[in-house]
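Structure, as C-alpha cells:
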Amino acid sequence: MKEILYLVIPCYNEQEVLLETARRLLKKITIMIENEAISQESRILFVNDGSKDKTWSIIEELYFQNKIFSGINLSRNRGHQNALLAGLMTAKEYADIVISLDADLQDDINVIDEFVDQYYKGSDVVYGVRSSRKTDTFFKRTTALAFYKLMSGLGVDSVYNHADYRLMSKRALQGLSQFKEVNLFLRGMVPLVGYKYSIVEYERHERFAGESKYPLKKMIAFALDGITSLSIKPIRIITGLGFTIFFLSIVALIYSLVVNFIGNTITGWTSLTISIWMLGGIQLLSLGIIGEYIGKIYNETKQRPRFIISDKLISNDVNNE
Ligand code: UDP
Ligand code: MG
C-alpha cells in the first residue's frame, strides 16, 4: 500500500510567495502520485500562523480550488516552531509520512523524492542538510556555524546545517507528541525521539519573493531558547566559575596577608577596581543565565497550550478530488 504524505508549511505573512509555492508543490505532489510513490490521499497542509495579510484567504481559495490543498488557521501568531508543531500534530492524524518545509521554498523540493525513498528504506526521520550556504550572507553563515559549534559543545545533539526541512514517520511524530514542553526547539528535540534516521543533502536557494520573517533579534532569541531548553551546561559553567573564583580568592587572601606581614602594603587601587568590576560582571551574567532558566521553568509550569487551532480545512475524502 502506498503511504500518505503530508507536506506541512508554516506561513506567516507569506502572500507574496504562497501562490507560487502552491503551484510548485502541487506539480511535485501530482507527479509523485502519478508515479505511485505516494497515495493520492496525500495533502499539502498550510499552517497560517496568525498572518496579518491575505495569507489565510489565499489558503481558503486554494482549498476550494483543489482538495489536495488543506490548511489550518492558528488563533494568533505563535512563531515558526509552534506553527510547525501545530501542523505536524495535525498531519500525524491523517498521514503516514510528514515533511516540513518553509513557505519560501528556499529548501530544494526536488529532494522530496529522496526523502521518501529513505523512508521506504527504513528511516523514520530524514534530515535535510544544506550542502553549502552560498546564498546566505557572510554574517548569517558565520553566526550559524558558531551556533552549531556552541550547541554541540554544550552537549545538544543536533544535525549540522539542518534547519526544519525534514521527513518524519507517523510513529516518530507520535514520539514527538509525547514531549510536552512549551519552549520549542524542534531540531534539537527530534533527535531525542530516536529511531533510525538518514541525511539527505540539498542546495539552499534564495527566497524568491517576500522578506525573511527571521530578523536578527528573533534569530538570537531562537538560539538562546535552543540552548536553554536543551542544555543545563551554562549553569554548570557558572558553578565552575564560582569555584574557580573562590579558589583564586583564597590565594589572593594568603597573598595579601603575606604582603601585609612583610609590611610591603601599597594602596591597592588597581586590584580593587578590577576585582569589583570583574566580580560584579560575573555575578550579573550568572544571575542572568540562571534567570533564563527560571523563566523557562515558569513557562513550563504554566502548561499553556502551544497553539490553538481556530479553523481546519482538510479533506480526507478521496472522492472529493
Ligand atoms: N514563520 C511562521 N511564523 C513566524 C515567523 C515565520 O510561521 O512567526 C514561517 C515563515 O512563513 C516561513 C518559515 O517560518 O515559512 C521560515 O521563515 P523565513 O523563511 O522568513 O526564515 P529564514 O529562511 O529567513 O530563516
Ligand atoms: Mg526562508
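The values are calculated or read from the model by the stated rules, or taken from the named source; none is laboratory data. Because the structure is predicted, anything quoted here is derived from the model rather than measured. Using ideal geometry, Cβ is built from the backbone for each residue, glycine included, and neighbour counts are taken over all protein chains shown.
Out of curiosity, is Arg76 within 16 Å of ligand 1 (Cβ to nearest atom), crowded, with 16+ Cβ neighbours inside 10 Å and not hydrophobic (A, V, I, L, M, F, W, C)?
Working: within 16 Å of ligand 1 (Cβ to nearest atom): yes; crowded, with 16+ Cβ neighbours inside 10 Å: no; not hydrophobic (A, V, I, L, M, F, W, C): yes.
No, not satisfied.
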Please determine whether any residue of region 195-218 is more than 13 Å from ligand 1 (Cβ to nearest atom), among the basic types (Lys, Arg) and in contact (Cβ under 8 Å) with a residue 40 or more places away in the chain. yes
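Closer than 23 Å to Asp225 by Cβ and more than 16 Å from ligand 1 (Cβ to nearest atom): does that describe Val125? Let's see the steps before the verdict.
Working: closer than 23 Å to Asp225 by Cβ: yes; more than 16 Å from ligand 1 (Cβ to nearest atom): yes.
So Val125 fits the description; yes.
For region 144-165, give me each residue that is aliphatic (A, V, I, L, M) and either assigned to a strand (DSSP E or B) or within 16 Å of Arg236 (Cα to Cα) (or both). Working first, answer last.
Just the residues of region 144-165 that are aliphatic (A, V, I, L, M), to begin with: 144-146, 150-151, 154, 156, 159, 163.
The answer is Leu150, Met151, Leu154, Val156, Ala163.
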Return the residues of region 125-138 that are crowded, with 21+ Cβ neighbours inside 10 Å and more than 17 Å from Ala163 (Cα to Cα); say none if nothing qualifies. none
Confirm whether Asp108 is touching a Phe, Trp or Tyr at 6+ places or on another chain (Cβ under 7 Å), modelled with pLDDT under 95 and within 16 Å of ligand 2 (Cβ to nearest atom). yes
Tell me which of these Tyr94 doesn't satisfy, since it passes every other one: (1) within 16 Å of ligand 2 (Cβ to nearest atom); (2) surrounded by fewer than 24 Cβ atoms within 10 Å (Cβ to Cβ); (3) of a type in the set (Phe, Trp, Tyr). (1)
Give me a count of the residues in region 3-39 that are over 23 Å from the mean Cα position of the chain (by Cα), surrounded by 15 or more Cβ atoms within 10 Å (Cβ to Cβ) and not in a helix (DSSP H, G or I). 5
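Scan Leu176, Leu186, Leu154 and give me the residue that is more than 14 Å from Val126 (Cβ to Cβ), surrounded by 15 or more Cβ atoms within 10 Å (Cβ to Cβ) and within 13 Å of ligand 1 (Cβ to nearest atom).
Details: Leu176 fails: within 13 Å of ligand 1 (Cβ to nearest atom); Leu154 fails: within 13 Å of ligand 1 (Cβ to nearest atom).
Just a single option satisfies the conditions, and that option is Leu186.
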Would you kindly identify the helices (runs of 4 or more DSSP H) lying entirely within region 166-243 that contain at least 1 residues that are within 23 Å of Asn299 (Cβ to Cβ) and within 16 Å of ligand 2 (Cβ to nearest atom)? 186-193, 216-230
Looking at Phe243 and the list (1) more than 16 Å from ligand 1 (Cβ to nearest atom); (2) closer than 23 Å to Gly128 by Cα; (3) of a type in the set (Phe, Trp, Tyr), which single condition is not satisfied? (2)
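Kindly indicate whether any position in region 79-94 is more than 16 Å from ligand 1 (Cβ to nearest atom) and under 19 Å from the mean Cα position of the chain (by Cα).
Going through region 79-94, the residues more than 16 Å from ligand 1 (Cβ to nearest atom) turn out to be 92-94.
Subsequent filtering for residues that are under 19 Å from the mean Cα position of the chain (by Cα) retains 92.
Yes: region 79-94 contains one or more residues that are more than 16 Å from ligand 1 (Cβ to nearest atom) and under 19 Å from the mean Cα position of the chain (by Cα).
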Might you let me know whether region 42-52 holds any residue that is within 13 Å of ligand 1 (Cβ to nearest atom), free of Cβ contacts under 8 Å to residues at least 60 places away in the same chain and surrounded by fewer than 16 Cβ atoms within 10 Å (Cβ to Cβ)? yes
Could you tell me whether region 69-91 includes any residue that is over 27 Å from Ile220 (Cβ atoms) and free of Cβ contacts under 8 Å to residues at least 24 places away in the same chain? no
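I'd like to check something: does region 26-35 contain any residue that is within 16 Å of ligand 1 (Cβ to nearest atom), touching a helix residue (DSSP H, G or I) at 6+ places or on another chain (Cβ under 9 Å) and either among the hydroxyl-bearing types (Ser, Thr, Tyr) or under 27 Å from Gln174 (Cβ atoms) (or both)? Show your work before the answer.
First pass over region 26-35, keeping only residues within 16 Å of ligand 1 (Cβ to nearest atom): none.
Within region 26-35 (the criterion being within 16 Å of ligand 1 (Cβ to nearest atom), touching a helix residue (DSSP H, G or I) at 6+ places or on another chain (Cβ under 9 Å) and either among the hydroxyl-bearing types (Ser, Thr, Tyr) or under 27 Å from Gln174 (Cβ atoms) (or both)), the answer is no, since none of the residues qualifies.
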Conditions (1) within 16 Å of ligand 2 (Cβ to nearest atom); (2) closer than 14 Å to Leu45 by Cβ; number of the one not met by Leu85: (1)
Over region 97-110, the set of residues surrounded by 21 or more Cβ atoms within 10 Å (Cβ to Cβ) and in contact with a Gly (Cβ under 9 Å, 6 or more places away or on another chain) is Val98, Ile99, Ser100, Leu101, Ala103, Asp104, Asp107
